[in-house]
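Read the structure below first, then the notes.
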Amino acid sequence: MNIIILGAGRVGESVAESLVSEQNDITVIDQDPARLRLLEERLDLRGVVGNGIQPSVLREAGAQDADMVIGCAAADESNLVFCKIAHDVFNVPTTIARLRSP
């Protein structure tokens with residue numbers, strides 16, 4: 001599966017680690033290039049630096065070929081918008097947004 005993850009924090013890293021071990025093609029989007037570099041060195045995945053709610057960044061991450069996106073950023077709003085754009089603009093069939101606010 002081609003999976004795009006928004007956020008390279010603790011949750012995003014944990015999700016990426018689990019999915020990489022299951023032989024998925026993973027791309028992680030984050031605004032911190034140093035954090036992405038560390039993940040790329042440790043795991044077999046691709047990092048894209050940028051704001052994941054911008055369609056151009058999603059396109060660069062390969063959203064047009066993605067089977068699933070997972071929003072793991074710190075802000076619930078970012079995760080929701082990320083999933084909405086992936087679904088509506090790029091027709092990604094499965095979207096998961098991490099939400100912390102009830």
Ala74 versus (1) farther than 15 Å from Thr95 by Cα; (2) in a loop (DSSP other than H, G, I, E, B); (3) without any contact (Cβ under 8 Å) to a residue 60 or more places away in the chain: which is the lone unmet condition? (3)
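Residues being aliphatic (A, V, I, L, M) and over 24 Å from Arg37 (Cα atoms): count how many of those fall in the stretch 50-85.
Summing the residues that are aliphatic (A, V, I, L, M) and over 24 Å from Arg37 (Cα atoms) in the stretch 50-85 gives 3.
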Any chance Ile85 is outside any helix (DSSP H, G or I), of a type in the set (A, V, I, L, M) and modelled with pLDDT of 95 or more: no
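Condition check ((1) modelled with pLDDT of 95 or more; (2) under 14 Å from Val15 (Cα atoms)) across all residues:
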{"residue": "Leu58", "(1), (2)": "yes, no"}
{"residue": "Gly71", "(1), (2)": "yes, yes"}
{"residue": "Glu77", "(1), (2)": "yes, no"}
{"residue": "Phe90", "(1), (2)": "yes, no"}
{"residue": "Thr94", "(1), (2)": "yes, no"}
{"residue": "Ser101", "(1), (2)": "no, no"}
Identify the residue in the stretch 56-71 that is free of Cβ contacts under 8 Å to residues at least 60 places away in the same chain and among the hydrophobic types (A, V, I, L, M, F, W, C) and, among all such residues, is nearest to Gln31 (Cα to Cα). Val57
Per the filter on the stretch 25-53, residues more than 17 Å from Leu80 (Cα to Cα), surrounded by 17 or more Cβ atoms within 10 Å (Cβ to Cβ) and either out of contact with any helix residue (DSSP H, G or I) (no Cβ under 8 Å at 6 or more places or on another chain) or small (Gly, Ala, Ser) (or both) are Asp25, Arg35, Leu36, Gly47
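The values are calculated or read from the model by the stated rules, or taken from the named source; none is laboratory data. Since we're looking at a predicted model, the values are computed, not measured. Reconstructed Cβ throughout: ideal geometry from the backbone, glycine too, with neighbour counts over all protein chains shown.
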